[in-house]
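Q: Dropping the structure in here first, questions after.
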Amino acid sequence: MKNYSFRFDKKVFALTLAIALLAAACGKKAPIAPPPPPPPPTASNNNGAPTSGRPVVAEFSIEPSSVERGQSAVMRWTVTGSNNVSINNGVGTVPASGTRRMTPPETITYTLTATGTAGETTATATVTVTGPAAPPPPARNNTGGSRGTLESRVQSDLRDVLYDYDSNNISDAARAALTADADALKRIFADFPTASVNVEGHCDERGSAEYNLGLGDRRATSARDFLAQLGIPADKLKTISYGKERPVCTESDESCWQRNRRAHFSVGQ
Amino acid sequence: MRVKLAGSVSIAALLLTGAATVFAQDIQRWITSSGGKPALAVIEFRGSGSQPFMDKFNSTLFNDLQGSALFDLRPKSMFPLNNPQRPEDLRAEDGGQGFALSDWANAPVSASHLVFGYTAAQNGVLVLYGNVDDTSQRNPQSVPLLASRYTGSLDEAGAIHVAHEFANDIIQKFGGTGSLLGSRIYFSSKRNGAKGSEEIWVMDWDGSNQKQLTRLNSLSFMPSVSPDGSRVAFTSYAKGTPRLMMLDTMSGRALPFYNQEASLNQNASFTPDGKQVYYASTASGTAQIFASSVDGQGFRRVSHRDAVEVEPKVNPKNPGQLLLVGGPLHPQIYQMNSDGVGVERVTNGQGEATNPAWHPDGQHFAFSWTSGIAAGNFNLFVMDIGSREYLQLTHGEGRNENPSWAPDGKHLVFMSNRSGTEQIYTMLANGTQIKQLTTQGINRFPVWGVK
């Protein structure tokens with residue numbers, strides 16, 4: 001029998017990708033040996049070096065020494081002749097050598113204290129944090145917030161723009177709706193700076209489905225272009241035509257047809 | 001030819017909406033290519049060990065023969081008592097009881113040919129013995145017009161299969177061309193899926209064997225089929241915005257198609273050699289006609305008008321000529337050369353005219369039109385592109401849209417909401433013999449492929 005399946009199976013795709021990557025990795029002529037395992041934590045000297053004398057801090061650094069807020073840096077240290085190494089500011093006791101990734105909220109100086117049988121050695125390292133204070137977290141899923149979600153805002157603040165039959169002309173009423181929508185969009189984009197909004201073009205049931213796809217696209221484009229003239233960045237507005245495939249009502253009368261001849265706003269992906 | 005056509009003038013006259021007499025004869029000629037019709041008496045076939053499937057067999061055979069529009073099928077109520085099943089049953093005289101061919105030639109049956117035979121289960125296989133005899137033969141043992149053996153699986157599907165094959169042989173014996181056997185209808189269906197989803201389906205030309213081709217869980221519709229039936233292109237929202245997708249009709253696998261960066265790519269139409277497609281895209285702003293190779297590469301803009309343009313349709317006999325649907329006001333059908341020049345409106349500007357579908361002869365096309373009636377109330381018409389004469393095929397039985405010609409040039413498949421929901425129907429080119437092929441869910445955008 002013929003196989004008529006036409007699926008995009010994510011599992012199969014992932015498996016194929018994994019096999020492909022594996023095959024690529026195995027394809028190299030001289031396989032590189034994996035790095036050796038990290039040395040065991042050493043509270044005592046395991047190199048046979050004398051334990052008398054003060055510990056030596058061979059390295060204590062933070063790279064990069066200056067980061068922008070939100071970026072991470074790596075702390076690196078190597079100590080010999082110590083049986084106890086600790087770092088302040090919440091890091092605590094650590095092995096004689098190691099690394100630690102951190103994302104410091106502010107400029108901070110760390111002090112490493114290495115204790116040996118004959119005393120202790122200290123070293124310091126500083127990371128400088130630059131840039132503006134972190135923005136408040138997005139309120140996108142904050143349904144309890146006064147600003148509401150992006151979805152609820154798009155749904156409640158933006159009005160449909162209505163069109164005449166077989167037309168994408170912006171009427172006076174549509175002009176008023178779009179002007180109000182532009183103001184609302186500015187507030188929405190101020191509250192949700194990374195958001196994008198779909199401008200959907202729709203048609204009534206009367207024309208052909210094929211022509212209505214083209215007409216719906218033209219309606220969405222005319223609404224987007226008008227909003228762009230009012231200062232809304234066009235790249236935040238994505239047009240999509242649904243033709244007559246997504247009606248808001250199905251009665252065969254002018255009041256329903258008018259409601260369906262619209263540009264409608266929805267949250268972009 | 002003239003004389004023979006006279007017999008059908010009365011039917012043709014009923015079709016006329018204007019002075020399109022010559023054109024009506026065109027249509028009549030597609031339907032009855034041989035003028036006078038053979039009168040067939042088709043007995044009720046019986047089965048030995050296969051009787052449970054014979055109702056389906058008999059109805060399939062009858063429908064195929066009637067659907068060909070080649071024959072006058074004589075009513076069974078007039079048949080004599082004895083129905084021969086084997087050539088050996090025939091004798092020179094039977095006193096009007098049915099075992100003589102003259103019993104079928106004479107009134108009231110008045111058949112020119114007798115179609116008879118039977119089926120039997122043999123070694124787990126359904127075997128059909130099918131015969132056609134000329135009833136005017138004097139000697140019942142003379143060479144028959146057709147005497148063949150057909151095999152199929154021992155089930156209903158096998159019974160349908162052998163009925164189709166037998167009917168096809170009969171049709172070919174009588175000069176029927178472009179048989180529908182093996183042809184398939186591609187369409188989109190809203191059934192068995194998530195709410196709002198629509199998938200591409202395929203069925204045999206008579207509505208049997210309906211199969212789902214895509215499982216994209218999205219809105220996928222408006223299929224078109226390549227001239228050789230190997231590819232189906234369709235428009236899908238699977239990736240968010242409407243884009244063109246293509247699949248191999250045999251394997252069901254997706255074939256690559258490069259979509260231009262655009263909010264809309266839709267309505268692919270294949271060139272007669274199957275190597276290029278024309279489609280509508282908003283890559284340049286408003287939807288315009290573009291052309292590309294069959295994988296979407298090497299695209300170029302074809303039309304340059306400030307109006308929505310969709311549904312390009314390449315003439316099957318002349319790849320240099322396109323039909324398309326365009327604005328700027330109420331959509332009409334235009335013709336255009338494949339290089340984008342020579343744009344000319346073909347329909348008369350009244351109402352809305354959409355869904356052009358070339359007849360295989362490249363001279364005529366079917367379309368849907370709201371002429372003279374309220375917007376949205378589409379009926380199907382056929383137009384002669386040379387004379388611009390047209391005939392109306394449907395008359396207000398719901399909306400009637402998306403016509404597509406069968407390979408035989410005699411039948412059309414189309415979508416109608418006459419039953420209350422959008423379903424798929426076939427009919428003869430003169431508007432008769434309407435058959436509903438789908439009932440489950442909503443079914444739209446039929447297109448007839450050679451396979």
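Q: Would you compute, for the Cα atoms of the range B:241-299, the largest minus smallest coordinate along each principal axis and list the three values in descending order, in whole Å?
A: Extents along the principal axes: 36, 24, 17 Å.
Q: Now for a different question. Rg and Dmax of the range B:109-249 over Cα atoms: what are they, in angstrom?
A: For the range B:109-249, the Cα-based Rg and Dmax read 21.2, 71 Å.
Q: Another one. Taking one equal scatterer on every alpha-carbon of the range B:252-361, how large is log10 of I(q)/I(0) by Debye at q = 0.19, 0.20 1/Å?
A: Taking Cα atoms of the range B:252-361 as identical point scatterers yields -0.93, -1.03.
Q: Regarding the range A:188-245, what are the three Cα extents along the principal axes, ordered largest first, in Å?
A: Cα spread of the range A:188-245 along its principal axes, largest to smallest: 39, 19, 14 Å.
Q: Within 10 Å of each Cβ in peptide A:197-210, how many partner chain Cβ atoms are there on average? Round it to a whole number, please. It would help to have the intermediate numbers written out before the result.
A: Values: counts 0, 2, 1, 0, 2, 0, 0, 2, 3, 8, 9, 15, 12, 17.
Averaged over the peptide's residues, the number is 5.
Q: Hey, could you grab the Kirkwood Rh for the range B:178-271? Inverse mean 1/r over distinct alpha carbon pairs, Å, one decimal.
A: Working: mean 1/r = 0.0730 Å⁻¹.
Averaging 1/r across every pair of different Cα atoms and inverting gives 13.7 Å.
Q: Taking only DSSP H segments of four or more residues, each worth -39500 (n - 2.57), what value at 222 nm results for the protein assembly as shown once the sum is divided by all its residues, to the nearest 500 deg cm²/dmol? Mind showing how you got there, number by number?
A: Values: 11 runs with 133 residues, N = 720.
The helix-only estimate for the protein assembly as shown comes to -5500 deg cm²/dmol at 222 nm.
Q: Averaged over every viewing direction, what's the projected area of the C-alpha convex hull for the range B:105-147? Give it in nm², one decimal, please.
A: Working: hull surface 14.6 nm².
So the mean shadow area of the Cα hull is 3.6 nm².
Q: Classify the range B:28-127 as rounded, prolate or oblate from the Cα gyration tensor: take a ≥ b ≥ c as the square roots of its eigenvalues, call it rounded if a/c is under 1.5, otherwise prolate when a/b beats b/c and oblate if not.
A: It is oblate, given that a/c is not under 1.5 and a/b is not larger than b/c.
Q: Which listed residue (A:Ala182, B:Gly327, B:Thr421) has the Cα farthest towards the positive end of the charge dipole for the protein assembly as shown, taking +1 on Lys and Arg C-beta and -1 on Asp and Glu C-beta about the Cα centre?
A: Result: A:Ala182.
Q: Based only on other Cβ atoms within 10 Å, what is the fewest-to-most ordering of B:Thr60, B:Thr421?
A: Values: B:Thr60 22, B:Thr421 15.
Listing B:Thr60, B:Thr421 from fewest to most nearby Cβ atoms yields B:Thr421, B:Thr60.
Q: Could you put A:Met75, B:Met336 in order, starting from the residue whose Cβ has the fewest other Cβ atoms within 10 Å? Before the final figure, lay out the partial values.
A: Working: A:Met75 21, B:Met336 24.
Lowest to highest Cβ neighbour count: A:Met75, B:Met336.
Q: As a footprinting exposure proxy, order A:Asp253, A:Asp160, A:Asp204 by other Cβ within 10 Å, with the fewest listed first. The partial results should precede the final answer.
A: Working: A:Asp253 8, A:Asp160 19, A:Asp204 23.
The fewest-first ordering by Cβ neighbours comes to A:Asp253, A:Asp160, A:Asp204.
Q: Could you give the alpha-carbon Rg of the range A:212-257 over 2.2 N^0.38 Å, rounded to two decimals? Can you show the working numbers first?
A: Values: Rg = 13.0 Å, N = 46, 2.2 N^0.38 = 9.4 Å.
The reported ratio for this selection is 1.38.
Q: Follow-up question, since we're still on this one. At 1.002 mPa s and 20 °C, plugging the Kirkwood radius over alpha-carbon pairs of the protein assembly as shown into Stokes-Einstein gives what diffusion coefficient in µm²/s? Could you put the intermediate results ahead of the total?
A: Numbers: Rh = 31.3 Å.
D = 68 µm²/s.
Q: Using every Cα-Cα pair within the range B:393-451, state what percent have a distance larger than 20 Å.
A: Working: 281 of 1711 pairs.
Result for the distance tail: 16 percent.
Q: Enumerate the aspartates and glutamates that B:Lys56 could reach by cross-link, defined here as Cα to Cα under 20 Å, with residues fewer than 8 away along the same chain left out.
A: Cross-link targets: B:Glu44, B:Asp64, B:Asp155, B:Glu156, B:Glu165, B:Asp169, B:Asp204, B:Asp206.
Q: Can you return the aspartates and glutamates within cross-link range of B:Lys239? Criterion is Cα-Cα under 18 Å, with same-chain partners fewer than 8 residues away left out.
A: Correct list for B:Lys239: A:Asp9, A:Glu200, A:Asp217, A:Glu245, B:Glu198, B:Glu199, B:Glu261, B:Asp295.
Q: Quick one: divide the alpha-carbon radius of gyration of chain B by 2.2 N^0.38 Å and tell me what you get. Display every interim value, and only then the final one.
A: Details: Rg = 24.1 Å, N = 451, 2.2 N^0.38 = 22.4 Å.
Rounded to two decimals, the normalised Rg is 1.07.
Q: Report, to two decimal places, the Cα Rg of the range A:66-138 normalised by 2.2 N^0.38 Å (N = number of residues).
A: On the way: Rg = 14.7 Å, N = 73, 2.2 N^0.38 = 11.2 Å.
Taking N as the residue count of the range A:66-138, the ratio is 1.31.
Q: Within a 10 angstrom radius of each residue's Cβ in A:214-225, how many Cβ atoms of other chains show up on average? Whole number is fine. Numbers along the way, then the final one.
A: Values: counts 19, 6, 5, 13, 8, 0, 3, 5, 1, 0, 1, 1.
Rounded to a whole number, the mean comes out at 5.
Q: So which GluC sites (Glu not before Pro) in the range A:184-269 are both in a DSSP loop and have at most 16 other Cβ atoms within 10 Å of their Cβ?
A: Details: sites: A:Glu200, A:Glu205, A:Glu210, A:Glu245, A:Glu251, A:Glu254; in loops: A:Glu205, A:Glu245, A:Glu251.
Sparse-neighbourhood loop GluC sites (Glu not before Pro): A:Glu251.
Q: With just the Cα atoms of the range A:165-269, tell me how far they stretch along each of the three principal axes, in Å, largest first.
A: 40, 29, 20
Q: Per residue of B:308-315, how many C-beta atoms from partner chains lie within 10 Å of its own C-beta, taken as a mean? If you can, show how the numbers build up before the last one.
A: Working: counts 11, 2, 9, 4, 0, 0, 0, 0.
Shielding by partners across B:308-315 averages 3.
Laboratory data are not the source of any read-out in this text; all were calculated from the coordinates shown. From a predicted model like this one, the values you see are computed outputs, not experimental measurements. Please note: Cβ atoms are built from the backbone with ideal geometry, for glycine as well, and neighbour counts cover all protein chains shown.
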